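Data first, discussion second: the structure below is written as C-alpha cells.
The values are calculated or read from the model by the stated rules, or taken from the named source; none is laboratory data. Please read all numbers here as calculations on a predicted model, not as lab measurements. Using ideal geometry, Cβ is built from the backbone for each residue, glycine included, and neighbour counts are taken over all protein chains shown.
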Amino acid sequence: MIFLFVILFLPFNVFASDTARSSILMDVDSGRILYNKNMNEKRLIASITKIMTATVAIEHSDVNKKVKAGDEVLSMYGTSIYIESGEEMSIKDLLYGLILRSGNDAAVVIAKAVSKDEKNFVKLMNETATRIGMKNTVFHNCHGLDEETQNYSTAYDMAILSRYIYRKSSLYRKIINTYKYNLATDEKSYLWYNRNELLKKYKYCVGGKTGYTPKAGKTLVSVASKNNFTVTAVSIKDPNHYHSQKELYEYIFAKYQRYQIIDKKHFSIDEDFYQDELYIKEDFFYPLTEDEFTKIKTLVKITKLKNYKNHSKVGEIEVKLNDEVIKKVDIFVRKKKKKNFFSSLFHR
C-alpha cells in the first residue's frame, strides 16, 4: 500500500499533563502528526506488542478456523485467558482474548496456529513491520513479556501500526471497541471484559490496547473519534496513561478540524485540450487549524497527451501547506462514448 503524502514535522508544545516517556497523536486518515514527545525514542513496549500479533493473524489466517491449544500454553504466565491444553477455540475468539484480556496464552496459541511455531510467527511480525514502515521496531516474541530478548519500538512506529490495522480491518475495529465478550467452548464458558479503561473514561475513545511490564512500565495505544475526525494516540512508559491521552485528545479535537480539501464528486477544471471528461478517484481530508486552512493552496498540473487510452493518467493536483506538498492526487481522462449512427436513427 502506497500513501502519497508528506508528513509535516512541526514544532510541538509538550503538554505538562503528558507524563509519558514518549508519546504521539496521529491523524488516522492522513497520517499527519498532531503532537509528539520523544516519538522516535526506542523503548520496551510490553503488551501493545499484541497489536502486531493481531495484525499478522488477521492477514495470514482464516480467523473462523478452530484451533486446538497445545502445551505451549503451559509455559505462559502473566495476564491470561486460561485456555487449557487440548481446548479448541476459533482464531477470532483467541483474538478477542488477546486484545480484551491481553492473554499471553492466546498469543502463543495464535502464533502456533498461524505459523506452526512462535519463531516463524515472529518472523512474520518483523516482515510486516518493515513492510508498513516501522523502521525502529524489533519483535522477539508474540506477547511482549520481559524475556532475555525483548520487543522494542517507538511511539511513532506504534502509531503507524495502529493507523494501518485500524484502516484495514473491520474485525480489528470491532474487537478493540468491544467492552464485553461471551464465549463457550466444549470445555467451559468465558466472560471477558476489556482491560482498556479509556473506553469507559473517555466517551470518544473507540478502542485500543494496554500493556505493562515492570521494565516497560505502562503502555497504551488507543483510537478516538469525534465528528468524523479519528486520531490514534500512543503512550510509552506513562504511569498516568489514561489521563494523559484523554487530555491530549481533548487538546487536539479543540485545536484541529477535519477539512475536505478535494471532493471527487465535484471535481472540475477549465481546460481546452481534452474534449473528454477529466476525473479523480479520491477525496482528500486533512486536519488543520483555522489559520492553516486559509494557507492551503492547490496546484493543478495537466499533461497534454495526443494519444491516450481510456482512464489514462493526464495530470495531478498538488495540495500545499506552507509551501510543503502534503498530498498529490492523480487526474485521469475518461473517453466519451461515441454515438452509434444507426442506433440514433431508431431512437428519434
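So which of LYS180, LYS201 is in contact (Cβ under 8 Å) with a residue 24 or more places away in the chain and not small (Gly, Ala, Ser)?
On inspection, the qualifying residue turns out to be LYS201.
Mind listing whichever residues of region 125-144 are surrounded by fewer than 17 Cβ atoms within 10 Å (Cβ to Cβ) and either in a loop (DSSP other than H, G, I, E, B) or in contact with a strand residue (DSSP E or B) (Cβ under 6 Å, 6 or more places away or on another chain) (or both)?
GLY133, LYS135, ASN136, VAL138
If I go through region 208-229 residue by residue, how many of them are within 11 Å of SER162 (Cβ to Cβ) and of a type in the set (Val, Ile, Thr)?
2
For region 269-305, what are the residues that are over 29 Å from ASN228 (Cα atoms), in a strand (DSSP E or B) and hydroxyl-bearing (Ser, Thr, Tyr)?
Scanning region 269-305 gives no hits.
Within region 146-160, can you find the residues that are out of contact with any helix residue (DSSP H, G or I) (no Cβ under 6 Å at 6 or more places or on another chain) and closer than 30 Å to LYS68 by Cβ?
ASP146, GLU147, GLU148, THR149, GLN150
If we scan region 235-248, do we find a residue that is touching a Pro at 6+ places or on another chain (Cβ under 8 Å) and at negative phi?
no
I'd like to verify a number: residues in region 53-62 that are closer than 19 Å to ASN194 by Cβ and either free of Cβ contacts under 8 Å to residues at least 60 places away in the same chain or of a type outside the set (Val, Ile, Thr) (or both), how many?
2
Which of the residues spanning region 72-127 are of a type in the set (Lys, Arg) and within 22 Å of ASN196 (Cβ to Cβ)?
Passing the criteria: LYS92, ARG101.
If you take the residues in region 253-296 that are hydrophobic (A, V, I, L, M, F, W, C) and in contact with an Asp or Glu (Cβ under 9 Å, 6 or more places away or on another chain), which one is nearest to TYR202 (Cα to Cα)?
Ranking the candidates gives PHE285 first.
Within region 4-31, which residues are modelled with pLDDT under 50 and of a type outside the set (S, T, N, Q)?
Passing the criteria: LEU4, PHE5, VAL6, ILE7, LEU8, PHE9, LEU10, PRO11, PHE12.
Yes/no per residue for (1) modelled with pLDDT under 95; (2) in contact with a Leu (Cβ under 9 Å, 6 or more places away or on another chain); (3) surrounded by fewer than 23 Cβ atoms within 10 Å (Cβ to Cβ); (4) of a type outside the set (A, V, I, L, M):
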| site | (1), (2), (3), (4) |
| --- | --- |
| LYS66 | no, no, yes, yes |
| ASP71 | yes, no, yes, yes |
| SER75 | yes, no, yes, yes |
| SER80 | no, no, yes, yes |
| MET89 | no, yes, no, no |
| TYR96 | no, yes, no, yes |
| VAL109 | no, yes, no, no |
| LYS116 | yes, no, yes, yes |
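Mind checking which pairs have a first residue in region 147-162 that is on the phi > 0 side of the Ramachandran plot and a second that is in a loop (DSSP other than H, G, I, E, B) and modelled with pLDDT of 95 or more, Cβ under 7 Å, 6 or more apart or different chains?
Going by the 7 Å Cβ cut-off, there are no qualifying pairs.
Check region 281-296 and report whether any residue there is over 30 Å from TYR35 (Cβ atoms) and either surrounded by 14 or more Cβ atoms within 10 Å (Cβ to Cβ) or of a type in the set (Lys, Arg) (or both).
yes
State the number of residues belonging to region 258-275 that are of a type in the set (D, E, K, R) and surrounded by 10 or more Cβ atoms within 10 Å (Cβ to Cβ).
Within region 258-275, residues that are of a type in the set (D, E, K, R) and surrounded by 10 or more Cβ atoms within 10 Å (Cβ to Cβ) number 4.
Restricting attention to region 145-172, and to residues there that are over 20 Å from ASP27 (Cα atoms) and touching a strand residue (DSSP E or B) at 6+ places or on another chain (Cβ under 6 Å), which single residue is surrounded by the most Cβ atoms within 10 Å (Cβ to Cβ)?
GLN150
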